1. Every residue in the range 36-91 that is β-branched (Val, Ile, Thr), more than 13 Å from GLU25 (Cβ to Cβ) and surrounded by 11 or more Cβ atoms within 10 Å (Cβ to Cβ), please.
2. So, ILE52, is that one in a strand (DSSP E or B) and closer than 17 Å to GLN20 by Cα or not?
3. Go through VAL46, VAL28, VAL77 for me and flag whichever is among the aliphatic types (A, V, I, L, M), at pLDDT 95 or above, within 10 Å of the chain's Cα centre (by Cα) and in a loop (DSSP other than H, G, I, E, B).
4. Does the range 30-50 hold any residues that are of a type in the set (Lys, Arg) and closer than 17 Å to GLN83 by Cα, and which are they?
5. Looking for whichever is out of contact with any helix residue (DSSP H, G or I) (no Cβ under 6 Å at 6 or more places or on another chain), small (Gly, Ala, Ser) and under 19 Å from PRO21 (Cβ atoms) here; the options are ALA33, ALA64. Which one fits?
Amino acid sequence: MVYKERTFFGTDPGDAAANQPADLETRVADTLAAMRDIDVSDVTVVSRGNTIVLSGFISSLEEADRAVEAATSVEGVDEVINQMTIPEMQT
């Protein structure tokens, strides 16, 4: 009997699974979580294809910029949409 190499619509099944939106979200979230100098515990990562949407709360504009830069650096991310907000200081 002859066995053909498994493919998923002409693609190696492992390659197809690696390109799923949930995988991209996880890789971006892991990258952000590894950043020790900013608090991203209130930031949500959502993938729309190869576009990442960051939403939620972050402490400062500088931290938001660093989060966007880190998310952009993840392989497979084409665009990052920043919807994060900075809570107003309460007095």
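1. Result: ILE38, VAL40, ILE58, VAL68, THR72, ILE81, THR85, ILE86.
2. For ILE52, the condition - in a strand (DSSP E or B) and closer than 17 Å to GLN20 by Cα - is met.
3. VAL77
4. Residue satisfying the conditions is ARG48 alone.
5. ALA33
The values are calculated or read from the model by the stated rules, or taken from the named source; none is laboratory data. No experiment lies behind these values; they were computed from the predicted model shown. Cβ: placed from backbone, ideal geometry, glycine included. Neighbour counts: every protein chain shown.
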